[in-house]
Amino acid sequence: MQGKRIGVAITGSFCSFSQVLPVIERLARENEVTTILSAAAATTDTRFYRAEDFRRELQRITGRPPMTTIAEAEQVGPMRLFDVILVAPCTGNTLAKLHHGITDTSVLMAIKAQVRNDRPVVLALSTNERELISFVTEKFDKVIVLIATVLLADMHTLTSSGSIKQIINAVLLPNKAPASLRPMVAAGGTVIDP
């Protein structure tokens, strides 16, 4: 995958941040990557990262500051900023708000704007609220849900195996997708369990 415009939206599963950074680095090597942070991800100091340090690291990797406000994320739709948005980690809170149409963070606004333009979103869940998954996939046919168990336990596997890259490629270029991913892409709104 090269030359794509990828939005990477990050929500507040703070212990997953160190697993998401290598994914962003890998994607940013050959693509234009912009990060989108929820308010919690953008402003909360934790034992894992200070918020300012995390934002600075994302800017170093991508070459641009993260989007942190709803007003910034609102431009995703009218300007068609991204070919695909990867939400990693996607917390249960974000998933529940998405299901109920609540748009009170920059990440949720970006997803809403992307889906409104009939463009794909990949959710890498960091939750054990699996019952929410079917609700979201029924509501949005362009959302692909990647189940990665509680706290993205499989993110390391995804990072090292390139699975996220394969999934994003399959979403963007379904005719060139590996045979194992074609049914998932054709069906839309499908749950993938790596």
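Every number here is computed from the coordinates shown, using simple stated rules; none is lab data. The model shown is predicted, which means the values in this text are computed figures rather than measured ones. With ideal geometry, Cβ positions are generated from the backbone for all residues, glycine too; neighbour counts draw on all protein chains shown.
A simple spin-label model places the labels of residue 48 and residue 100 2.4 nm from each other, with each point 7 Å out along Cα-to-Cβ. Scattering from the C-alpha atoms of segment 1-96 alone, worked out with Debye: what is log10 I(q)/I(0) at q = 0.12 1/Å? The Debye formula, applied to the Cα set alone, gives -0.34. Taking 0.36 nm per residue of separation and subtracting the current Cα-Cα distance, fully stretching the chain between residue 18 and residue 80 would add 19.4 nm. Take the Cα of residue 2, step 7 Å toward its Cβ, do the same at residue 71, and the gap between the two points is 3.9 nm. Overall, segment 35-77 carries a charge dipole of about 180 debye about its Cα centre when +1 sits on the Cβ of Lys and Arg and -1 on the Cβ of Asp and Glu, all other atoms neutral.
List the chymotrypsin sites (Phe, Trp or Tyr not before Pro) within segment 1-58 that DSSP assigns to loop and that have no more than 16 neighbouring Cβ atoms inside 10 Å. Passing sites in segment 1-58 are 48. Evaluate segment 69-118: find the radius of gyration of its Cα atoms, find its Kirkwood radius, and give the ratio Rg to Rh. In segment 69-118, Rg relative to Rh is 0.94.
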